[in-house]
Amino acid sequence: MINIKLLSGILGLAVCTSCSGFLDVKPDQKMAIPYTLEHADLLLNDYSTMNASYPTLVEIGSDDYYLNTSDWLSLSDIDERNAYVWSDEENISVFQWANPYKTVYISNQVLEVVDQVDRATDPALFDRVKGGAYFFRAFAFHQLARIFARPYNAASADRELGIPLRLSPDIDYASVRSSLTETYDQILADYKLAASLLPPNEGVDGRPSRAAAYAALARVYLDMAQYDMAYLYADSALTIHPVLLDFNTLDWNSAAPVPRFNTEVLFPATSMLAGPLGQSFARVDSNLYDAYEVEDLRKVVYFQEHDFDPDTYFFKGSYDNTAAGIFVGLTTGEMLLIRAESAVRTGRDGSALSDLNTLRRNRLQAEGFTELQITAPDALLEHIIAERRKELIFRGLRWADLRRLNQEPAFAKGLVRIINGTRYELSPNSLKYTAKIPVQVIEQTGMPQNNR
């Protein structure tokens, strides 16, 4: 059996040896060319590459937390310092860009293998591997698009720049930016192929299932503000896997109360390390903390008071059960909120309220829970969006939500930072909601930079 670490490590040179994320010189792959379904399957099992290195750059700019001046000044990564204050400076590090493209490269390598294998040898494994590769490629593309491409707007997407869509492991062709429409069309197409191939549920931690593919489609359609489709796919995911964690059953006093790979996780994924989002630095926004009801168990499952800074709180509720990076995967809790928001936006108020109450029943103390009775659609939508922020804090979703909701005047929000006496502001729909592509990528590929 070929060694998975050797195989994925050598193939990973296709990203790591080039600052642009794509090879300038071919690596020697003689020892690591995968050619069987078993090899391809092993590549997708490489959790550290396929599940655990997604970008954090723009989530650093979100409004769910703040940094003290001294902590901001102590950050060693200049890109992270700049992202916190929405600076116009160029991004220096390539890892926020290159790591997802490594996932894309390996996915493309797997797809090339399965296209040369007779499906009849093992139809179930063939479909699972091929579907997994499409899923991982789409997931990486979507993470990149949320950062390095403009927020999706159907009226302008044909004219906006998207991301390079690498669809082959071939390293000799130029990387060019697709349109935003082409980017999202590719993401959707990959996820739909994944859903058609993957088993309904997956027994291996880290691997996607059909339920996960449906959930990912719901997330993408939500970003696109196509709420009828978001409802459809969230509902499909929940039909297969409706299970929620009951926070009444967790150890609230634990340093990490939420179990890893718990029953609510549809697909586990985490970000790379991010200094500003770490427990020692990031202080939860006080207005957000105060928005949780007294009976809301997320107050004790998600947060803990700083010993050295009373009346300030840090986040401890990672769905990866760790303080390293943030969880960016898919859960049934997120799907309930997508279905609820999409329901009220498409005239299904009863369904929306039911989903909202289902989530809250599993988040509030059992003796303190009472069902909400909200009849006005606008009030219900406002409550669901507020619940979404409380449920999905430190999940890599807030920045995407700001990008989407800023396009609606009723939910548009300006952000403010104050560092060392200097006030920094981010207005709704600012061009700063799209990160600059690392300067070395621009220099090596010649692709257009994002405007500021």
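The values are calculated or read from the model by the stated rules, or taken from the named source; none is laboratory data. Computed from a predicted model, the values in this text were never measured in an experiment. FYI the Cβ positions are ideal-geometry reconstructions off the backbone, even for glycines, and counts take in every protein chain you see. Side chains are part of the model used for accessible areas, which takes the heavy atoms of the whole protein and leaves out ligands, DNA and RNA. Shrake-Rupley method; radii C 1.70, N 1.55, O 1.52, S 1.80 Å.
Odds and ends about this structure:
- Sparsely packed trypsin sites (Lys or Arg not before Pro) within segment 262-357, loop by DSSP, other Cβ within 10 Å at most 13: none
- For Arg260 and Thr375, the difference between the fully extended length at 0.36 nm per residue and the C-alpha to C-alpha distance is 37.7 nm.
- Cα centroid separation, segment 307-330 to segment 227-281 (Å): 13 Å
- Residue-normalised convex hull volume from the C-alpha trace of segment 64-115: 116 Å³ per residue.
- Cα centroid of segment 65-107 to Cα centroid of segment 381-439, whole Å: 17 Å
- Three-way shape call for segment 159-231 based on the alpha-carbon gyration tensor, with the a/c threshold at 1.5: oblate
- Å² of accessible area per residue within segment 76-194, as computed with a 1.4 Å probe and no ligands counted: 37 Å²
- Accessible surface computed residue by residue for segment 345-452, with neighbouring protein chains in place and a 1.4 Å probe, gives 45 Å² per residue.
- Evaluated with a Cβ-only charge set (Lys, Arg +1; Asp, Glu -1), the chain carries a dipole of roughly 560 debye about its Cα centre, given to the nearest 20.
- Structural descriptor for segment 381-444: relative contact order 20 percent, calculated from alpha carbon pairs under 8 angstrom and at least 6 residues apart.
- Cα-based helix-to-principal-axis angle, 377-391 vs the chain, degrees rounded to 10: 70 degrees
- Within segment 304-374: Cβ-based charge dipole about Cα centre, in debye rounded to nearest 20 (Lys, Arg +1; Asp, Glu -1): 460 debye
- Residue among Met272, Ser286, Pro257 farthest towards the positive dipole end of segment 245-294, charges placed on Cβ: Met272
- Among the trypsin sites (Lys or Arg not before Pro) in segment 127-172, those placed in a DSSP loop whose Cβ has at most 12 other Cβ atoms within 10 Å are Arg159.
- The chain: angle of helix 210-223 to the longest principal axis, Cα-based, in degrees nearest 10: 70 degrees
- Stokes-Einstein, applied to the Kirkwood radius of segment 305-418 over Cα pairs at a viscosity of 1.306 mPa s and 10 °C, places its translational diffusion at 100 µm² s⁻¹.
- Extension gain, Ser286 to Met229: 0.36 nm times the residue separation minus the Cα-Cα distance gives 17.0 nm.
- Stokes-Einstein, applied to the Kirkwood radius of segment 385-452 over Cα pairs at a viscosity of 0.692 mPa s and 37 °C, places its translational diffusion at 230 µm² s⁻¹.
- With every protein chain in place, segment 47-141: carbon and sulfur % of accessible area (1.4 Å): 50 percent
- For the chain, the fraction of alpha-carbon pairs in successive 20 Å shells from zero, as %: 25, 59, 16, 0
- Helix 123-148 and the long axis of the chain differ in direction by around 60°, with both axes built from C-alpha atoms.
- Between the listed residues Gln449, Pro242, Phe315, the Cα displaced farthest toward the positive end of the dipole of the chain, a dipole computed from Cβ unit charges relative to the Cα centre, is found at Gln449.
- Rounded to the nearest 20 debye, dipole of segment 74-178 from Cβ charges on Lys, Arg, Asp, Glu: 300 debye
- Accessible-area composition of segment 247-361, carbon plus sulfur, in percent [1.4 Å probe]: 48 percent
- Where the alpha-carbon atoms of segment 83-140 are placed on the principal axes, they occupy 55, 16, 10 Å, in descending order.
- Using θ = phi - 60° in the Karplus curve 6.51 cos²θ - 1.76 cosθ + 1.60, the 3J(HN,Hα) couplings for segment 71-79 round to 5, 4, 5, 7, 5, 8, 8, 5, 5 Hz; x is entered for Gly and Pro.
- Estimated Rh, segment 182-273: Kirkwood, alpha-carbon pairs, angstrom: 14.5 Å
- Part-to-part distance (alpha-carbon centres) for segment 171-202 and segment 129-143, which is given in Å: 7 Å
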